[in-house]
Amino acid sequence: MSNSIPPPADDESEQEKFPVEPSYHPIHKITRIMYDFLASARLAMALLVAILACCVVGVTVWRGTEAGRMIFGTIWFNALLVLLVLNVACCFFGRVWRRRITLVSFGMILFHLSFVAILMGVVYNSLFYFRGMIRLTEGEALPSGDQRSYENIVKGRFFSFSHFQGETALIKMHSGYKISGEDKRAAYEISVGESANRKQGIIYITNKLTHQGVDYFNDREGYSLLLILSDRQGRVLYGGHLPLQSIRQGDESFRYSTGYRDGEKIIPEPVLFPSPPEKPLMAMQVEYLPSKLQERAGDVQFKLFPLDSQGVSPIIKPYADEKAPIGQPVAVGEYVLSAPEVRYWVGMAVQYEPGKPIVLTSLWAGLAGMIITTLGRMLRGRKKVIS
């Protein structure tokens, strides 16, 4: 039996096809699918429409704090922003990959990177920011990291009060404060931070204090009276500073009284005295009438109201209405009241926006990218003219 030689193979059937498709590992295919999805123009359009719709609802249906709670401070809205950042980054990467670096292309790369960084800064800020109000009387210090020290708190979902270390203190109020001959009217000397890392400075209407990324602004101010409650035998039962609201009158003058703020309007009202957690004995409306001749002098008007059967709400009709100069006691029923001292209080807006430096730096970087690109194109056009 003879061995047969197989016929030669057909060149066309055995010819390898080019280009050869690489055999990707499955994980590489998954990565490619994810990249194509993140770099999709349809995804970018859908994200922009969704974010725009949320912004419209946030400034029309809900506003202010409610808009932050329902939309802008939520995880899902910030997830949309993060997804938009990834979408822009992937689209940008596809345009510059293996591109020859010239002055024009470098400027374009810098501009697009700054745009991505701006979006990242906005997302970071919305998750970790803090805005609140802290009210201090001269000589008073409150723990900076205690939520109870602040009023009207608005914060990001991941903000932690552990970022605020030490105390915030109001050292003194300076009236008639001047800078280069310009009257700033009132300035407040404050200190913030811990003993080892403490910063002290003066804030006024156009000047803030910044410490470890936290800004302190002078927002509003007023008088605070030191009130002493004694019995008829002269024994002190209670003492404390009572901040008064500054209520603007129709003739642009101010009335200084106890009360509360309702939006932009201030309502004069009696307050419980002594203040909780002490057991209130009465409700009291206090009004300070400053002297026009001497600072921190004048008269104090006391209006005392009985409490209801639960001892928590004042009955509208006062049972005493007395006026006395600062420092002079006045007898009211079985008690004696006096206001021996007038101090100032200041309400400071406290703001922590960690994403703001990123956004501002990125804006400058984007402007630099535009300038570099413009210069590159001008030089390119000049070379063409010369050649």
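The values are calculated or read from the model by the stated rules, or taken from the named source; none is laboratory data. Just so we're clear, the structure is a prediction, and the values are computed from it rather than from any experiment. Neighbour counts are summed over all protein chains in view; Cβ atoms, including those assigned to glycine, are modelled from backbone coordinates with ideal geometry. Surface areas here come from the heavy atoms of the whole protein model, side chains and all, with no ligands, DNA or RNA. Shrake-Rupley method; radii C 1.70, N 1.55, O 1.52, S 1.80 Å.
Quick look at the numbers
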| read-out | value |
| --- | --- |
| For region 239-387, with +1 on Lys and Arg beta carbons and -1 on Asp and Glu, the positive-most of 348, 293, 363 along the dipole | 363 |
| Highest-first arrangement of 333-339, 118-124, 47-53, where packing means the average Cβ count within 10 Å | 118-124, 333-339, 47-53 |
| The chain, relative contact order [Cα under 8 Å, separation at least 6], % | 17 percent |
| Positive-pole candidate from 169, 60, 307, dipole of the chain, charges at beta carbon | 60 |
| Portion, in percent, of the accessible area of the chain that falls on carbon or sulfur, probe 1.4 Å | 59 percent |
| Length-normalised contact order of region 325-387 in % [C-alpha pairs under 8 Å, at least 6 apart] | 17 percent |
| Nearest-20 debye value, the chain charge dipole, Cβ charges on Lys, Arg, Asp, Glu | 1340 debye |
| HN-Hα J in Hz across region 366-374 - Karplus 6.51, -1.76, 1.60, θ = phi - 60°, x for Gly and Pro | x, 5, 5, x, 5, 5, 4, 4, 5 |
| Residue 259 long-range amide H proximity, modeled H, under 5 Å | 245, 269 |
| Separation in nanometres of the label points that stand 7 Å from Cα toward Cβ, at residue 310 and residue 57 | 3.7 nm |
| Rounded accessible area per residue of the chain, 1.4 Å, Å² | 63 Å² |
| Segments 342-351, 356-365, 161-170 sorted - mean Cβ within 10 Å per residue, highest first | 342-351, 161-170, 356-365 |
| Per-residue HN-Hα couplings for region 74-89 [Karplus 6.51, -1.76, 1.60; θ = phi - 60°; Hz; x = Gly/Pro] | 7, 5, 5, 5, 5, 5, 4, 5, 4, 5, 5, 4, 5, 5, 5, 5 |
| Among 278, 151, 341: highest mean-square fluctuation, GNM of the chain, C-alpha pairs under 10 Å | 278 |
| 5 angstrom amide H check on residue 332, placed H, neighbours 5+ away | 337 |
| Accessible area (Å², 1.4 Å probe, nearest 10) - residue 241 | 70 Å² |
| 3J(HN,Hα) from dihedral phi, region 191-199, Karplus parametrisation 6.51/-1.76/1.60, rounded to Hz, x for glycine, proline | 9, 9, x, 8, 4, 6, 9, 10, 10 |
| Amide proton proximity set for residue 355, modelled H, under 5 Å, gap of 5+ | 125 |
| Length-normalised contact order of region 240-387 in % [C-alpha pairs under 8 Å, at least 6 apart] | 12 percent |
| Contour excess over end-to-end distance, with Cα ends at residue 106 and residue 194 and 0.36 nm allotted per residue | 27.2 nm |
| Restraint check, 208/279; 172/265; 199/292; 208/292, Cα-Cα greater than 32 Å | 208/279; 199/292 |
| Dipole of region 198-349 [Lys/Arg +1, Asp/Glu -1 at C-beta], most positive-end residue of 257, 209, 280 | 209 |
